[in-house]
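The values are calculated or read from the model by the stated rules, or taken from the named source; none is laboratory data. Just so we're clear, the structure is a prediction, and the values are computed from it rather than from any experiment. Positions of Cβ are generated from backbone atoms using ideal geometry, with glycine treated the same way; all protein chains shown enter the neighbour counts.
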Amino acid sequence: MNHRAEKNVDPTRPTAKGRGTSLSPQNRFERVHAEDDFEHLDPADDEMIRGVATVYLPDDSQSIVSENDSPDIGFRYSVNPYRGCSHGCSYCYARPGHEYLGLNAGIDFESKVLVKHRAPELLRAWLARDAWQPEPIIFSGVTDCYQPAEREFRLTRGCLEVACEARQPICIITKNALVTRDLDILRQMAADRTASVAVSITSLDAELARVMEPRTSTPAARLRAVRQLADAGVPVRVMVAPIIPGLNDFEMPAVLKAASEAGAQGAGYTLLRLPLAVRPVFIDWLERTQPLKAEKVQSLIRATRGGKLNSSQFGARMRGEGLIAEQIKQTFHVFAKRYGLNGPKDPLETRNFRPPPSASGQRRLF
């Protein structure tokens, strides 16, 4: 069956500088939606739109640990100090989460970031509960815990300090080299076998990364971070994610080779996912920045998703289905084995966990 490529590009809409998108997709929970009309835009306003600033808003969540029960995600608990992410990755699967906040999954997601200022305190309270049976907690199960906001607010570092004190095992997933700032804590936790890091490297092409992931670290900086983590004794893996058929899938062997040379101990991959409002954001980005490849990329994505641009089916949504998906899978396995990245993960240690004292200083009775 032939499918026509989706085309979402509005030639009159200015492109927000340093952003993955300038779209404001309709919030699926809101009845009213404001449509942008750039055809009669005043030139002075055009420049204002191009320079969209990041706004940090307080998040008064009363808990910092989220529980996941999806059968195809390899962790149960996660910590996310921030909601929204100014990295601006065009493909980010977390974008629709902003709609629960009354915001949109496009420019709002990357320019209006909610900050959980009490994150370390809330994590301490969670770990101090009598009901907590220690198991690994993932940092960045949704948005990147080392996004630019972390330079200012240092909430991820605060949470690491709590985890280190309690010997609570954690695994960090990030595409930002800022993770190396906290090598002092991660080195200590690694010695106790309570920390590991997974660095996401989508492409080695610096220009592609710049337009696809505009406010992340460069590929070279991420590889340096892998080397620094490995040299510090911190178990580190590389995630070749997401794989976008027709755009970066051919880079998988080179990324795995570079990761191995940098000292990574393992690797993984996931296929591009385009749930809900992620689809128009990504398609718009694809049409704007990769016009000669856009139709082919969409066709190949459909070939891995049963003729659709997305599939939410458990078991298939992370890897896809069909011949193209199988070729990607086999390519990964062949080169992961070649470069020594196919070994099992070393389990993190939970036996030495010790509940931290509460923020009030009150000690536990038992």
task = State the number of residues belonging to segment 312-342 that are exposed (fewer than 13 other Cβ atoms within 10 Å of the Cβ) and either modelled with pLDDT of 95 or more or assigned to a helix (DSSP H, G or I) (or both).
result = 4
task = Could you please let me know if Thr289 is under 24 Å from the mean Cα position of the chain (by Cα) and buried (at least 18 other Cβ atoms within 10 Å of the Cβ)?
result = no
message = Conditions first: (1) among the polar types (S, T, N, Q); (2) part of a helix (DSSP H, G or I); (3) surrounded by fewer than 21 Cβ atoms within 10 Å (Cβ to Cβ). Gln298 passes all but one, so which condition is the exception?
response = (3)
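One line per residue, one yes/no per condition, for (1) modelled with pLDDT of 95 or more; (2) loosely packed, with under 14 Cβ neighbours inside 10 Å; (3) closer than 27 Å to Ala262 by Cβ; (4) not β-branched (Val, Ile, Thr):
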residue	(1), (2), (3), (4)
Thr304	yes, no, no, no
Arg354	yes, yes, no, yes
Gly361	no, yes, no, yes
Phe366	no, yes, no, yes
ask   = Consider Leu276 against the criteria (1) buried (at least 21 other Cβ atoms within 10 Å of the Cβ); (2) within 18 Å of the chain's Cα centre (by Cα); (3) under 30 Å from Gln26 (Cα atoms): it satisfies all of them except one. Which criterion is unmet?
value = (1)
inquiry  = Between Ile243, Ile283, which is crowded, with 23+ Cβ neighbours inside 10 Å, out of contact with any strand residue (DSSP E or B) (no Cβ under 8 Å at 6 or more places or on another chain) and modelled with pLDDT of 95 or more?
reply    = Ile283
ask   = Of the residues Thr156, Thr174, which is in contact (Cβ under 8 Å) with a residue 60 or more places away in the chain, of a type in the set (Val, Ile, Thr) and crowded, with 24+ Cβ neighbours inside 10 Å?
value = Thr156
Tabulated pairs, segment 307-336, first over 20 Å from Pro280 (Cα atoms), second at pLDDT 95 or above and among the charged types (D, E, K, R), C-beta under 8 angstrom, 6+ apart or interchain = Arg319/Lys329; Glu321/Arg305; Ile328/Asp249; Thr331/Asp249; Phe335/Lys257
inquiry  = So Lys345 ticks every box in (1) surrounded by 14 or more Cβ atoms within 10 Å (Cβ to Cβ); (2) in contact (Cβ under 8 Å) with a residue 60 or more places away in the chain; (3) touching a helix residue (DSSP H, G or I) at 6+ places or on another chain (Cβ under 7 Å) but one. Which box is left unticked?
reply    = (3)
query = Would it be correct to say that Arg193 is among the charged types (D, E, K, R), closer than 20 Å to Leu348 by Cβ and part of a loop (DSSP other than H, G, I, E, B)?
reply = yes
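This table checks each residue for (1) among the β-branched types (Val, Ile, Thr); (2) touching a helix residue (DSSP H, G or I) at 6+ places or on another chain (Cβ under 6 Å); (3) touching a residue at least 60 places away in the same chain (Cβ under 8 Å); (4) surrounded by fewer than 24 Cβ atoms within 10 Å (Cβ to Cβ).
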site: Leu123; (1), (2), (3), (4): no, yes, no, no
site: Gly141; (1), (2), (3), (4): no, no, yes, yes
site: Arg167; (1), (2), (3), (4): no, no, yes, yes
site: Leu183; (1), (2), (3), (4): no, no, no, yes
site: Arg193; (1), (2), (3), (4): no, no, yes, yes
ask   = Does segment 225-240 hold any residues that are within 19 Å of the chain's Cα centre (by Cα) and of a type in the set (D, E, K, R), and which are they?
value = Arg237
task = Please go through segment 253-267 and pick out each residue that is surrounded by fewer than 20 Cβ atoms within 10 Å (Cβ to Cβ) and more than 18 Å from Ile173 (Cα to Cα).
result = Pro253, Ala254, Lys257, Glu261
inquiry  = Filter segment 91-111 down to the residues that are surrounded by fewer than 24 Cβ atoms within 10 Å (Cβ to Cβ) and within 24 Å of Val197 (Cβ to Cβ) and list them by number.
reply    = Tyr91, Tyr93, Ala94, Gly97
